[in-house]
Amino acid sequence: MQSWFTFELDGESCRIENESARLTLAQFLSSLDPQYAHYADGNPWHGGSPVIIGETSGIAPRFRSIDATLILMPMLADAMVWTPEGIANLDPDHPAVGVLGIDHIECSNARRMAVLTLFFEGFYRPDLRRNGQMNEQLDSLVSRTAAVDAIRDAARRLFASAETRRHEASQKAAASGQQNEVWTGKKDIFNDRFTKSLFIKRPADELDFVDRRKRRFHRPKTTADLQRLQSQYPDARLIAGGTNLVDELSRTDFQNLISIEEVAEMQMIRTNQDFWEIGAGVNLTRVSEAIGGEYPQFLKALTRFGSRPIRNRATLGGYLAVASDIGQLAPLLIAMDARVLLLSADGERDAPIFHFFEGKGKTILREGEVIRCILIPRANDSALASRGMTTRLCDTYTVGPRRSLCDPFLTAAFAVELREKTVAKAWIAFSGVANKPIRARQTEASLAGKVWHEETVFASLNTLFQEIQITKKDVGYANADYRKQLVMTLFQKFFYQHPTPRDVKPIEQGITQEFSLHDQPFFDSVT
Ligand SMILES: Cc1cc2nc3c(=O)[nH]c(=O)nc-3n(C[C@H](O)[C@H](O)[C@H](O)COP(=O)(O)OP(=O)(O)OC[C@H]3O[C@@H](n4cnc5c(N)ncnc54)[C@H](O)[C@@H]3O)c2cc1C
């Protein structure tokens, strides 16, 4: 056991010794220097206090914005952290720092700093070139400022300038056959002080940290070591992204925490012809980067989940283990026909996502059992063909009081697999209606063998009405009648947005068409 560790803060090595194992980064920063005082006031539900970390667990290193109020200091051992203040002080001419100069933002300095971190992360994102992605990067935080348009304009210019640099670098790299490395972000095309240290950053080491009150924080690297620690400390609590648990720790402390952040098998994303295997410790942003092309509905669901700094930390395994009755991802995971793979000293077992939940906060997980990974069947043409299907239509809808950073009223997800025009299998799932996500099995069965047509959908509505009982108490003004109506209308919306096997992509019908330009680039294409 050790009582110290180091991490890098704004380019300087920083040694942490004899500090509480429950100290958050926000608490640490606010006591460090008056310029960081605002970190003490960060509220995650109002956007929190984002900083930047260097992430090395994916296929290429990335800068990610994360919320300093939801990170325990031992989670940062060996990590690289940049505060927005540090970025602005060290490189006042950095293109992302320009946000500080936008006129009429009319928000606090803390909020300006938060926006700076989103600009900084977005500037280095190799995939960011569509309107929908820009919304996903900025929403939640930017919508809480008075100058949304000014910030969006500045972001558009900033991200387009990065894209131009990437385009130029790819033209140069074409000669040496390294063009792909530019677009996947494996090659450092910026070569500035920030990327230089990101690209030489090493994966974190194993850690066994203990504080003065004998509270321990373990960070094993293998599932075997994880299991050894679990048998040594049977009362230990797992910690993944910490977005749920760090807040819980302020009310209920646990003597031993075991982080799964460096457990290689739980950080992996693998695929074959039939499945995606997503390690339980993979954060939601990385999941979306891997499967978003094949499952655009997952990207859509994430735009309603927390904020970018939350999604950069929250893991798929953590999400499932929390077993929220209003979670926005469970219905979609059911509609994707996903399964969980659970690991314990007794071996492995798996279960469909639908059977994993037993109630609010309750799952089939047994003492000492962990979620190792999530298996999602492939949905591309060849995978469908091997299952004898021709098309998979799938979509998800969340209704809530705001777009994000709130408790949604209800989430629905639907999928049908078609052989030509006939429904072979259907999935209809909801959260926000009972104490756990539910599935409309009878309605699903009533669709099987029928032609995917308006009449089929209308004929099934009576069964759906009878089958779905709203037992969860009112969420805000969303009473049971309102949510029952949503159940019915969202299913019809699914049909009208995907009326034929050709319409895998939703047909837009909203009056505002707020999502209709999602796929369009937000700048003129670089030639
Ligand atoms: C501002 C904010 C916004 C949020 N928005 C949403 C939202 O829109 N929708 C939503 O559903 N949730 C939301 N949450 C809640 C939280 O972010 C999610 O529940 C998140 O997915 C938890 O994942 P995590 O990796 O951070 O889990 P952690 O906080 O690390 O852990 C949560 C629990 O899961 C257990 N656990 C973690 N990994 C495993 C594993 N592999 N096997 C077994 N047990 C495990 C832990 O022991 C712990 O009990 C929000 C939270 C905040 C603070």
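Only the coordinates and a few stated rules stand behind these numbers; no lab work does. For clarity, every value in this text was computed on a predicted model and none was experimentally measured. Ideal geometry is used to build each Cβ from the backbone, glycine not excepted, and the neighbour counts take in all protein chains shown.
Worth a mention:
- Our helix-only sum for the chain, with -39,500 (n - 2.57) per DSSP H run of n ≥ 4 divided by its residues, gives a mean residue ellipticity at 222 nm of -9500 deg cm²/dmol.
- Pairs of Cα atoms farther than 20 Å apart, segment 207-264, %: 19
- Centre separation in Å (Cα based) which lies between segment 18-68 and segment 340-419: 31
- Neighbours of Glu8, meaning other residues whose beta-carbon lies under 12 angstrom from its beta-carbon, give a summed charge of 0 when Lys and Arg score +1 and Asp and Glu score -1.
- For the chain, the relative contact order is 12 percent, taking Cα pairs closer than 8 Å that sit 6 or more residues apart in sequence and dividing their mean separation by the residue count.
- Over segment 268-497: Kirkwood hydrodynamic radius from C-alpha pairwise inverse distances, Å: 18.0
- With K and R counted +1 and D and E -1, the other residues having a Cβ less than 13 Å from that of Ile87 yield a net charge of -4.
- Of all DSSP-defined beta bridges confined to segment 207-264, some 40% are antiparallel rather than parallel.
- Charge dipole (debye, nearest 20) of the chain; +1 at Cβ of Lys and Arg, -1 at Cβ of Asp and Glu: 800
- For segment 226-369, the spherically averaged projection of the C-alpha convex hull amounts to 8.8 nm².
- Fraction of alpha-carbon pairs over 44 Å apart in the chain - percent: 16
- Hypothetical label at Arg213: residues of segment 1-30 whose amide nitrogen lies under 13 Å (7 Å Cα-Cβ projection): 19-24
- Spatially proximal aspartates and glutamates relative to Lys421 (Cα-Cα < 13 Å; intrachain offsets below 8 disregarded): Glu454, Asp503
- Relative contact order %, segment 268-497, counting alpha carbon pairs below 8 Å whose residues are six or more apart: 18
- Listed by chain and number, the lysines placed with their C-alpha closer than 22 angstrom to that of Lys186 are Lys172, Lys196, Lys201; residues fewer than eight positions away on the same chain are left out.
- Net charge contributed by nearby residues that have their C-beta within less than 15 Å of Thr24 (K/R +1, D/E -1): -3
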